[in-house]
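Participant: Dropping a structure here in C-alpha cells format, bear with me for questions.
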Amino acid sequence: MPSPSSFHIVHADYANPAHASALVSLLDAYACDPMGGAKPLSEFAKLNLVSALAARPQAFSVLAFAPGDATGDSELPVGLVNCIEGFSTFACRPLVNVHDIAVLSGYRGQRVAEKMLLLVEKIARQRGACKLTLEVLEGNAGAIKLYHRVGFENYQLDPALGDARFLQKWLG
C-alpha cells in the first residue's frame with residue numbers, strides 16, 4: 001500500500017486522454033458504490049462527460065494517482081473530485097461546489113480525499129471563490145468526519161432555524 005505522501009494529486013486536464021479515462025472510470029466506480037447510488041453511469045454519460053465538462057469553464061476536476069506496481073506500470077487513478085463554480089449573491093463572489101468526491105475502496109483511509117480537497121481549495125482561491133460547498137449523505141459517517149476535519153461545517157444562518165437541507169427536483 002502506498003504511503004500518503006506518494007499519491008500524485010493533479011488538476012485534471014480534460015484534453016489529456018489519461019486524465020479523461022481516469023475521470024470516467026473513477027466516476028463510474030463511484031456511481032456503482034452505494035454512496036453514489038449503486039448504478040453504473042449510462043453509456044451516454046461515459047461517452048460525453050469529459051467533453052461536456054471541458055465545454056464549461058466553471059467546471060474543474062482533481063485526480064489522485066497512486067504509484068504503479070514494481071513491473072513499471074504507470075500510475076493508477078484512485079481518486080476524483082469534480083467541482084462546479086457557482087455564485088454567492090450575498091458575497092457577490094464565486095463559490096465552488098464540490099460535486100463528486102470518490103476514492104477507490106482499497107485506497108480509503110489514506111487521506112487521498114483530504115489531499116485532493118487541499119488542491120480544490122487552492123484552485124477555488126485562485127478563482128476568487130468565497131467558499132466551498134458540498135452535499136453528503138447523512139449515513140456517510142466517514143465522509144462527514146473527513147469534511148469536518150478539513151474545515152467544512154453544517155450550513156446555517158441562524159442556529160434557531162436549523163441546518164440548511166439539500167433538495168432536488170428531477171426535470172427528466
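Please treat every number below as a calculation from the coordinates, not as lab data. Keep in mind it's a predicted model, so treat the numbers as computed, not measured. Please note: Cβ atoms are built from the backbone with ideal geometry, for glycine as well, and neighbour counts cover all protein chains shown.
Participant: If packing is taken as the mean number of other Cβ atoms within 10 Å per residue, what is the order of 107-120, 44-57, highest first?
Facilitator: For the peptides 107-120, 44-57, the packing ranking is 107-120, 44-57.
Participant: Here is a further query. Cross-link partners among aspartates and glutamates for residue 169, C-alpha distance below 17 Å, same-chain residues fewer than 8 apart left out?
Facilitator: Within the straight-line limit of under 17 Å, residue 169 reaches these aspartates and glutamates: 135.
Participant: So, one more: Which of rounded, prolate, oblate describes segment 4-153, given a ≥ b ≥ c as roots of the alpha-carbon gyration tensor eigenvalues and a/c under 1.5 marking rounded, otherwise prolate only if a/b is larger than b/c?
Facilitator: Judged from the Cα gyration tensor, segment 4-153 comes out rounded (a/c under 1.5).
Participant: When the helices in the chain are scored as -39500 (n - 2.57) per DSSP H run of 4 or longer and the sum is shared across all residues, what 222 nm value do you end up with, to the nearest 500 deg cm²/dmol?
Facilitator: Estimated from H runs of four or more residues: -9500 deg cm²/dmol.
Participant: Which whole-angstrom value gives the distance between the alpha carbon centres of segment 110-172 and segment 1-55?
Facilitator: Their Cα centres are 19 Å away from one another.
Participant: Shifting gears a bit: Within straight cross-link reach of residue 115, meaning Cα distance under 18 Å, which lysines are found once same-chain residues fewer than 8 apart are removed?
Facilitator: Residue 115 reaches 131, 145.
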